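Quick notes on the structure that follows.
The values are calculated or read from the model by the stated rules, or taken from the named source; none is laboratory data. What you are looking at is a predicted structure, and each value in this text was computed from that prediction instead of being measured. All Cβ positions, glycine included, derive from the backbone under ideal geometry; neighbour counts span all protein chains shown. Calculation scope for accessible area: heavy atoms of the full protein, side chains included, ligands and nucleic acids excluded. Shrake-Rupley method; radii C 1.70, N 1.55, O 1.52, S 1.80 Å.
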Amino acid sequence: MNLSPLWLSFKTAIIATIIVFIVAVFLARVLSRRSFPGKSVIEAIFLLPLVLPPTVVGFGLLILFGKNGPIGKVLIEWFNIQIVFSWYAVIIAAIVVSFPLMYQSASAAFQGYDAHLEYAAYTMGASKWRVFWTISFPLAWPGLLAGLVLTFARALGEFGATLMLAGYIPGITDTIPLAIYFAVESGNMKMATFWVIIIVVLGFSAILWLNWWSKRHMMDHSNNKKA
């Protein structure tokens with residue numbers, strides 16, 4: 001049995017999660033402590049893929065990264081890189097669709113603790129970088145980890161935007177969700193069932209682990225308070 005959809009999905013989800021985590025944490029940290037006109041509009045744009053149908057997101061990406069699109073045309077003419085119908089398209093679709101989950105989790109995490117702890121560190125001469133790594137990041141970590149797991153699971157299961165932007169090319173863009181769809185289309189229900197079981201087990205395991213870790217973290221936090 002060809003397992004390329006499994007490895008491709010894992011590779012895509014891992015790379016997309018790393019990129020999304022870095023970008024979303026940075027943006028959430030910056031915006032969580034600032035207030036300015038238009039902030040709500042910017043955050044609404046960040047979260048828009050969460051409420052739009054994936055095919056609509058995919059269509060928007062196709063317009064942007066197509067050979068005549070504003071980004072796609074530049075990439076082709078300047079770097080000879082075609083995004084549409086390539087593995088890059090799979091990554092981009094996973095990033096865009098999963099980004100809102102990470103941003104929302106990170107934003108809530110950075111707003112969930114007392115900001116005066118950071119201000120106190122600043123008054124004692126600590127740099128912003130040191131404050132982030134020694135105070136902000138550790139305090140926000142439980143929420144960031146939850147967003148990280150959900151982002152990975154969402155990237156792993158992305159279908160609609162991927163199909164629109166990357167198409168289905170065996171060995172290149174055939175992630176598990178696409179493999180399921182085209183297995184059903186071709187009448188190969190045995191193959192479709194196999195991949196459905198795989199992705200359900202992976203998604204269930206991620207959520208189960210997250211719930212277990214959250215409960216354990218809450219118990220440890222409660223015990224530390226009592227101590």
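Using only Cα atoms, find the angle between the long axis of helix 189-226 and the longest principal axis of the chain, and express it within 0 to 90 degrees, rounded to the nearest 10. Long axis of 189-226 versus the principal axis of the chain: about 0 degrees.
At an R0 of 45 angstrom, the distance between the Cβ atoms of THR123 and ALA206 translates into a FRET efficiency of 0.65. Per residue, the solvent-accessible area of the range 39-115 (1.4 Å probe, heavy atoms of protein chains only, all protein chains present) comes to 54 Å².
From helices alone, the chain scores -25500 deg cm²/dmol at 222 nm; the rule is -39500 (n - 2.57) for each run of n ≥ 4 DSSP H residues, then divide by the residue total. Electrostatic bookkeeping for VAL90 treats Lys and Arg as +1 and Asp and Glu as -1; over the other residues with beta carbon under 13 Å from its beta carbon, the sum is -1. Only protein heavy atoms count here; under a 1.4 Å probe, ARG216 has an accessible surface of about 130 Å². With a cut-off of 12 Å between beta carbons, the residues surrounding PRO100 carry a summed charge of 0, where Lys and Arg count +1 and Asp and Glu -1. Listed values for the range 75-86 are Karplus-derived 3J(HN,Hα) couplings in whole Hz (6.51 cos²θ - 1.76 cosθ + 1.60, θ = phi - 60°), namely 5, 6, 6, 8, 10, 6, 10, 9, 7, 4, 6, 9, and x replaces Gly and Pro. Sorting 18-25, 69-76 by average packing, meaning the other beta carbons within 10 Å per residue, from highest down gives 18-25, 69-76.
With angles folded into 0 to 90 degrees, how steeply does helix 87-110 sit against the dominant principal axis of the chain? Use alpha carbons for both and round to 10. Approximately 20 degrees, to the nearest ten.
The distance from the alpha carbon centre of the range 107-122 to that of the range 30-76 is 28 Å, rounded to a whole number.
Karplus-based coupling profile of the range 19-26, in residue order and whole Hz: 5, 4, 4, 4, 5, 5, 5, 4, with θ = phi - 60° in 6.51 cos²θ - 1.76 cosθ + 1.60 and x standing for Gly or Pro. Straight-line cross-link reach from LYS73 at under 17 Å between alpha-carbon atoms covers no aspartates and glutamates, not counting any fewer than eight positions away in the same chain. Accessible surface for HIS217 stands near 70 Å², nearest 10, in the context of the full protein assembly shown (1.4 Å probe). Take the Cα of ILE22, step 7 Å toward its Cβ, do the same at ALA108, and the gap between the two points is 2.6 nm.
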